[in-house]
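Worksheet for the structure shown next.
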Amino acid sequence: MEKSLLSKSGIIFDIQRYSIHDGPGIRTIVFIKGCPLKCPWCANPESQKMTLEIMYSKNLCSLCKRCIEVCSSNALKEVNGRIKVDRELCRVCGKCCQVCLMDARKIVGKRVTVDEVLSVVEKDRIFYERSGGGITLSGGEPLMQPEFSAALLAACKDKGLHTVIETSGYQKWELLWPVIINTDLVLLDIKIMDSSLHKEVIGVPNELILDNAKRISESGKEIIIRIPVIPGYNDSIDNLSNTAEFATKIGVKEIHLLPYHRLGESKYERLGRKYELKDIKVPSKEYLEHLVDRLQKYNLEIRIGG
Ligand code: SF4
Ligand code: SF4
């Protein structure tokens, strides 16, 4: 393995070991920071910006104000019983996190090298071998840091590990392909088939995503299409049928429906952002089974959950 690949660095926000989601077997999930899309249902809002940020948990805070005292940027003040950060002034130096005795402040994001990530991933090689698992790159969007993701997956393949990427596919082909070439399984999120609605809801049109899906499939790589099922946004039979039809057309054999959940909601508050989907209800098991029934005619394997 070339030294230059091992020393490539990128920004991640978590590494999760022993996961049984996001690919076969037992896996280590590496969460890459940064995403070009703006899905209002995003369960990992801390993944959206590529830069480091501060998260604050009001419920842990004792209002001791040690953080305010130590901040030389004057970015912190107490407002209505909570510590408010001015993100324009904050340099994310981390001093306030160091002095907080309650663990109420945390820096999200860390710059790491391929070599550093690999040393964590390799710890569980024995579990991968027994279960058919490996590494999954997730995010955020792994394609937002294409050179780092490509180098990390190349290093993993060099070590004989099974590789999965969870992606929206929103990236120029020239930057996407060097990542995918070392990927065994692509978990491709397709949210909305109508491009103008895609742009309205998510911020970008979907032609690039669909074109990349087609090209990846033509390359012979295995793809599973994943659809987050968000009531009122993309759960119409029309949208799901169009996605299934597209999958069939490009040779994809499996679709996963990922039901909307609210597990990420509290993180919005901790980042000082607003959660826009407060009124959306989590879809019931019966409703999801009904959607699966409606898609049976496409001769695809349809699963609920990832
Ligand atoms: S140092 Fe921690 S506990 Fe004290 S006010 Fe700041 S955030 Fe709250
Ligand atoms: S990270 Fe540094 S600049 Fe930002 S609020 Fe904390 S002490 Fe101030």
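For region 200-212, check the following and say yes or no: at least one residue is among the hydrophobic types (A, V, I, L, M, F, W, C), part of a helix (DSSP H, G or I) and more than 19 Å from the chain's Cα centre (by Cα).
Initially, region 200-212 is screened for residues among the hydrophobic types (A, V, I, L, M, F, W, C), giving 201-202, 204, 208-210.
Pick out the ones that are also part of a helix (DSSP H, G or I) and you get 201-202, 208-210.
Imposing the further condition that a residue be more than 19 Å from the chain's Cα centre (by Cα) reduces the set to none.
For region 200-212, residues among the hydrophobic types (A, V, I, L, M, F, W, C), part of a helix (DSSP H, G or I) and more than 19 Å from the chain's Cα centre (by Cα): absent.
Only one residue in Pro178, Pro142 is in contact with a Ser or Thr (Cβ under 8 Å, 6 or more places away or on another chain), over 30 Å from Leu60 (Cα atoms) and not small (Gly, Ala, Ser). Which one? Reasoning before the result, please.
Numbers: Pro178 fails: in contact with a Ser or Thr (Cβ under 8 Å, 6 or more places away or on another chain).
Within the list Pro178, Pro142, the selection yields Pro142.
Considering every residue within region 40-59, establish whether at least one is away from ligand 2 (no atom under 16 Å from the Cβ) and part of a strand (DSSP E or B).
No, that holds for no residue.
Screening Gly160 with (1) on the phi < 0 side of the Ramachandran plot; (2) part of a loop (DSSP other than H, G, I, E, B); (3) more than 16 Å from ligand 2 (Cβ to nearest atom) gives one miss only, at (1). If only residues of region 42-59 that are within 11 Å of ligand 1 (Cβ to nearest atom) and surrounded by 21 or more Cβ atoms within 10 Å (Cβ to Cβ) are counted, the one that is nearest to the chain's Cα centre (by Cα) is Ile54.
The set of residues in region 131-159 that are over 19 Å from Thr51 (Cα atoms) and free of Cβ contacts under 8 Å to residues at least 40 places away in the same chain comprises Ala150, Leu153, Cys156, Lys157.
When only residues in region 60-97 that are of a type in the set (A, V, I, L, M), without any contact (Cβ under 8 Å) to a residue 40 or more places away in the chain and more than 8 Å from ligand 2 (Cβ to nearest atom) count, which is surrounded by the most Cβ atoms within 10 Å (Cβ to Cβ)?
Start the filter on region 60-97 by keeping residues that are of a type in the set (A, V, I, L, M), which leaves 60, 63, 68, 70, 75-76, 79, 83, 85, 89, 92.
Then drop every residue that is not without any contact (Cβ under 8 Å) to a residue 40 or more places away in the chain, which leaves 63, 68, 70, 75-76, 79, 83, 89.
Keeping just the survivors that are more than 8 Å from ligand 2 (Cβ to nearest atom) gives 63, 68, 79, 83.
Working: Leu63: 14, Ile68: 16, Val79: 8, Ile83: 22.
Result: Ile83.
If the condition is being away from ligand 2 (no atom under 16 Å from the Cβ) and over 20 Å from the mean Cα position of the chain (by Cα), then region 100-115 contributes only Asp115.
Residue by residue, here is whether (1) among the charged types (D, E, K, R); (2) touching a Leu at 6+ places or on another chain (Cβ under 6 Å); (3) closer than 18 Å to Ile255 by Cβ holds:
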| position | (1), (2), (3) |
| --- | --- |
| Val201 | no, no, no |
| Val204 | no, no, no |
| Glu207 | yes, no, no |
| Asp211 | yes, no, no |
| Ser217 | no, no, yes |
| Lys221 | yes, no, yes |
| Arg226 | yes, yes, yes |
| Asp235 | yes, no, yes |
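Is region 210-229 home to any residue that is in the same structural domain as Ile165 (by TED's automatic domain parsing), under 16 Å from Val292 (Cα atoms) and in contact with a Cys (Cβ under 8 Å, 6 or more places away or on another chain)? Yes, some residue in region 210-229 is in the same structural domain as Ile165 (by TED's automatic domain parsing), under 16 Å from Val292 (Cα atoms) and in contact with a Cys (Cβ under 8 Å, 6 or more places away or on another chain).
If I ask for residues that are of a type in the set (Ser, Thr, Tyr) and free of Cβ contacts under 8 Å to residues at least 40 places away in the same chain, which ones from region 248-274 would you list?
Here is the first cut: in region 248-274, the ones of a type in the set (Ser, Thr, Tyr) are 248, 260, 266, 268.
The answer is Ser266, and nothing else.
For region 60-102, the set of residues classified as part of a strand (DSSP E or B), more than 8 Å from ligand 1 (Cβ to nearest atom) and charged (D, E, K, R) consists of Lys77, Arg82, Lys84, listed by residue number. If the condition is being farther than 17 Å from Ile223 by Cα and within 18 Å of the chain's Cα centre (by Cα), then region 176-197 contributes only Ile192.
The values are calculated or read from the model by the stated rules, or taken from the named source; none is laboratory data. Note that the structure is predicted; figures quoted are calculated from it, not measured. Every residue, glycine among them, receives a Cβ derived from its backbone with ideal geometry; neighbour counts consider all protein chains shown.
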